[in-house]
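Participant: Below you will find the structure I want to go over with you.
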Amino acid sequence: MLGFLISLPCWGSALLAPFQEPENPDLGALQAKLAEPALGDRDWRVSVWEHLTRLEHVGDPAVLQGWEALAASGADPDLANLFLFQRRQGLPRLPLQEGEGPELTLERCLAAWGDGDLAETARRLRAALERFPEDRRLQENLLWLEMRRPAVIELDGSGRHLALAVLAARDARG
């Protein structure tokens, strides 16, 4: 009887093992990369980024640390990726900074849209277009928000561009 009681925990863990999630190899690799940061090394950065994109929905603090490590470069796309991760995870977002680039500016606009604040989204998109007038993503997002068709319909444009033209024209007819 005593032998049975002693072996019971072993049997229990053997029965539960198939139901436990296996260790994610990307998480282990990311943690190893973060343990020996090489922020200036392009290969290190690419490897960390690849692991992070596969770990987007893993609730581990190492994922946030990875995005923060990449954003330490101060590069606009890296800051935008960190902001996007924070937004998707419901975390406090990067504070507004002077001289933000077009990537982070666009993410801030889309965050306002995602929060359902359409007036703020329109205000941010217009302000962003004053700073980055050639950025087509900002232009097209404002057109989508206001359901206005583009001034020129590019026949070889993206499906999104053509869909906007059709929807805006249909909406204009009532």
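The values are calculated or read from the model by the stated rules, or taken from the named source; none is laboratory data. Quick caveat: nothing in here was measured; it's all calculated off a predicted structure. Neighbour counts run over all protein chains shown; Cβ positions are idealised from the backbone, glycine included.
Participant: For Leu52, all conditions in the list (1) modelled with pLDDT of 95 or more; (2) of a type outside the set (Gly, Ala, Ser); (3) over 22 Å from Ala80 (Cβ atoms) hold save one; what is the number of the exception?
Facilitator: For Leu52, the exception is condition (3).
Participant: Right, something else. Of all helices (runs of 4 or more DSSP H) completely enclosed by the range 95-174, which ones contain at least 1 residues that are among the aromatic types (Phe, Trp, Tyr)?
Facilitator: Counting at least 1 such residues, we get 102-114, 136-146.
Participant: Please go through the range 47-85 and pick out each residue that is in contact with a Lys or Arg (Cβ under 9 Å, 6 or more places away or on another chain), without any contact (Cβ under 8 Å) to a residue 12 or more places away in the chain and not in a helix (DSSP H, G or I).
Facilitator: His57
Participant: Scan the range 165-174 and tell me whether some residue there is surrounded by 14 or more Cβ atoms within 10 Å (Cβ to Cβ), outside the structural domain of Ala71 (by TED's automatic domain parsing) and more than 30 Å from Gln65 (Cα to Cα).
Facilitator: Yes, some residue in the range 165-174 is surrounded by 14 or more Cβ atoms within 10 Å (Cβ to Cβ), outside the structural domain of Ala71 (by TED's automatic domain parsing) and more than 30 Å from Gln65 (Cα to Cα).
Participant: Go through (1) aliphatic (A, V, I, L, M); (2) surrounded by fewer than 18 Cβ atoms within 10 Å (Cβ to Cβ); (3) farther than 28 Å from Arg45 by Cβ one by one and return the number of the condition Leu143 breaks.
Facilitator: (2)
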